[in-house]
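In what follows, a structure is listed as structure tokens, so that the remarks can point back to it.
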Amino acid sequence: MSMLPPPAAVLLLIDLQQAIDHPSWGLRNNPQAEANIARLLAHWRQKGWPVWHVRHDSSSPTSHYRLGQPGHDFKPETAPLPDELVIAKRTNSAFIGTDLDARLLTGRHPALVVVGVVTNNSVEATVRMAGNLGFTTFLVEDGCFTFGLKDWNRVERTAEEVHAFTLANLDGEYCTITTTAAVLAEG
């Protein structure tokens with residue numbers, strides 16, 4: 001697999017909603033992720049390449065991602081334009097209960113460049129399914145972020161550790177890990 005995405009790959013932005021800024025999430029890594037995503041978004045838009053936004057529509061009454069909550073709104077720096085596709089999902093994977101797979105196939109989009117949140121949840125679930133379904137998938141490591149958590153043994157792990165382990169699990173088998181700079185240098 002190439003180390004860089006082909007021109008006109010779909011830029012898939014996952015769950016970049018204001019809910020992710022709620023303090024209950026804890027400490028995150030990649031504080032520059034939104035700026036990197038905005039740079040990629042500007043590049044894709046300038047080239048006229050496909051930009052698709054995934055929005056989490058939680059049905060949980062306590063979720064900040066629930067419809068009608070302020071957190072449901074897109075983050076301003078990465079919000080969709082009126083002509084950009086928005087795919088609503090209710091689970092962690094953007095493929096479950098949506099038409100993402102069909103849209104990629106009928107639009108003849110064999111490649112995805114994925115950014116968004118949370119690295120070890122919705123990003124990981126979507127990237128794994130994309131790889132399993134045969135799509136050429138690139139994950140921009142500095143265009144996604146996560147939060148610290150306790151592992152199975154109840155050991156506290158930093159956001160950077162969780163992020164790095166997730167990237168290691170995905171790279172090669174499900175996707176190619178890349179960076180904002182590498183993608184922009186190529187295109």
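The values are calculated or read from the model by the stated rules, or taken from the named source; none is laboratory data. Just so it is clear, the structure is predicted and the values come from calculations on it, not from any experiment. Using ideal geometry, Cβ is built from the backbone for each residue, glycine included, and neighbour counts are taken over all protein chains shown.
Among the numbered criteria (1) without any contact (Cβ under 8 Å) to a residue 12 or more places away in the chain; (2) of a type outside the set (Phe, Trp, Tyr); (3) part of a strand (DSSP E or B), which single criterion is violated by Arg55?
Only one criterion is unmet by Arg55, namely (1).
Restricting attention to region 129-162, which residues are touching a residue at least 24 places away in the same chain (Cβ under 8 Å) and of a type in the set (Phe, Trp, Tyr)?
If the condition is that a residue be touching a residue at least 24 places away in the same chain (Cβ under 8 Å) and of a type in the set (Phe, Trp, Tyr), then Phe135, Phe138, Phe145, Phe147 are the ones that fit.
Can you tell me which residues in region 29-72 are among the aliphatic types (A, V, I, L, M) and touching an Asp or Glu at 6+ places or on another chain (Cβ under 8 Å)?
Selection gives Ala33, Ala35, Ile37, Ala38, Val51, Val54, Leu67.
Take the residues in region 126-156 that are within 24 Å of Thr78 (Cβ to Cβ) and polar (S, T, N, Q), then tell me which one is surrounded by the fewest Cβ atoms within 10 Å (Cβ to Cβ).
Within region 126-156, the match that is surrounded by the fewest Cβ atoms within 10 Å (Cβ to Cβ) is Thr136.
Within the set of pairs 6 or more residues apart or between chains, which connect a residue that is at pLDDT 95 or above and part of a loop (DSSP other than H, G, I, E, B) inside region 101-128 to a residue that is surrounded by 15 or more Cβ atoms within 10 Å (Cβ to Cβ) and among the hydrophobic types (A, V, I, L, M, F, W, C) with Cβ atoms less than 7 Å apart?
Listed pairs, sorted by first residue: Val118/Phe147.
Just to verify a result, which residue in region 58-91, among those that are in a loop (DSSP other than H, G, I, E, B) and basic (Lys, Arg), is farthest from Val127 (Cα to Cα)?
Among them, the one singled out is Lys75.
Going residue by residue through region 135-142, is there one that turns out to be outside any strand (DSSP E or B), closer than 24 Å to Gln17 by Cα and at pLDDT 95 or above?
no
Checking the structure you have, find out if any residue of region 62-70 is in contact (Cβ under 8 Å) with a residue 60 or more places away in the chain and of a type in the set (Ser, Thr, Tyr).
no
Out of the residues in region 16-64 that are among the hydroxyl-bearing types (Ser, Thr, Tyr) and more than 18 Å from Ala159 (Cβ to Cβ), which is nearest to the chain's Cα centre (by Cα)?
Ser58
Suppose we filter Ala42, Ala19, Ala38 for residues that are in a helix (DSSP H, G or I), in contact with a Phe, Trp or Tyr (Cβ under 8 Å, 6 or more places away or on another chain) and not hydroxyl-bearing (Ser, Thr, Tyr); which single one remains?
Ala19
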